[in-house]
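The values are calculated or read from the model by the stated rules, or taken from the named source; none is laboratory data. Model, not experiment: these values are computed from the prediction. Here the Cβ positions follow ideal geometry from the backbone for every residue, glycine too, while neighbour counts run over all protein chains shown.
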Amino acid sequence: MIILEPSAGIKKATGIDFKLLSNILTMLLEVNHKRDLHIAAKVHKSRISDTSLCEAIDRNNFLIKLDQTAKQTKKFIFSSLLHELRHCCQYHIWKYWPDTGKFKTYTAYYRSKEEVDARKIERLTREVIKMYDLHVAFNSKFDDLRLNKLG
């Protein structure tokens, strides 16, 4: 299971239902990786301008820091989360954690296999947003119709 635990500031700034997003990402990634995932990631604001990053606490626990200086669109937030979550998967599944200190230039870092791989998952942003929005609309309609009760 993937658990995204946002800070109060991230909750307020984004307005995203992280429990719902966690459930969607768990379903998508576990089915496609054909394995159970046990990833818990705390999501906080990054203190480094124009930078989102992920820090590994151990193989199952991570700290994702989201850039707060960029335009905070749903697309930007979701693509950043997907990118950083891919780094979590790289470590959790394949025991691979990048050593960013080894890169001599930004180009070498940008072209490294872990960054290329993490940018690939960003291509799923639009589909994840659609799934999220459909679930929000479904849950709202379900509540409006009072389908959680008989009668």
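Apart from one condition, THR14 fits all of (1) β-branched (Val, Ile, Thr); (2) under 17 Å from TYR91 (Cα atoms); (3) in contact (Cβ under 8 Å) with a residue 40 or more places away in the chain; the exception is (2).
Okay, residues lined up against (1) modelled with pLDDT under 95; (2) among the charged types (D, E, K, R):
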{"residue": "LYS102", "(1), (2)": "yes, yes"}
{"residue": "ALA108", "(1), (2)": "yes, no"}
{"residue": "LYS113", "(1), (2)": "yes, yes"}
{"residue": "LYS120", "(1), (2)": "no, yes"}
{"residue": "ARG126", "(1), (2)": "no, yes"}
{"residue": "MET131", "(1), (2)": "no, no"}
{"residue": "VAL136", "(1), (2)": "no, no"}
{"residue": "ARG146", "(1), (2)": "yes, yes"}
{"residue": "GLY151", "(1), (2)": "yes, no"}
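Of all the residues in region 28-59, those that are over 18 Å from GLU5 (Cβ atoms) and either within 16 Å of the chain's Cα centre (by Cα) or at pLDDT 95 or above (or both) number 9.
Quick check on region 120-151: of everything there that is out of contact with any Asp or Glu (no Cβ under 9 Å at 6 or more places or on another chain), touching a residue at least 40 places away in the same chain (Cβ under 8 Å) and of a type in the set (Val, Ile, Thr), which residue is surrounded by the most Cβ atoms within 10 Å (Cβ to Cβ)?
VAL128
Quick check on region 107-128. Is at least one of its residues among the basic types (Lys, Arg), within 15 Å of ILE24 (Cα to Cα) and within 13 Å of the chain's Cα centre (by Cα)?
At the first step, the residues of region 107-128 found to be among the basic types (Lys, Arg) are 111, 113, 119-120, 123, 126.
After this cut, where a residue has to be within 15 Å of ILE24 (Cα to Cα) as well, the list is 126.
From what's left, within 13 Å of the chain's Cα centre (by Cα): none.
Scanning region 107-128, I find no residue that is among the basic types (Lys, Arg), within 15 Å of ILE24 (Cα to Cα) and within 13 Å of the chain's Cα centre (by Cα), so the answer is no.
Candidates are the residues of region 129-151 that are more than 23 Å from the chain's Cα centre (by Cα) and part of a helix (DSSP H, G or I); the one that is farthest from GLU84 (Cα to Cα) is ASP144.
Note on region 51-100: among residues that are of a type in the set (Asp, Glu) and more than 15 Å from ILE10 (Cα to Cα), the one that is surrounded by the most Cβ atoms within 10 Å (Cβ to Cβ) is GLU84.
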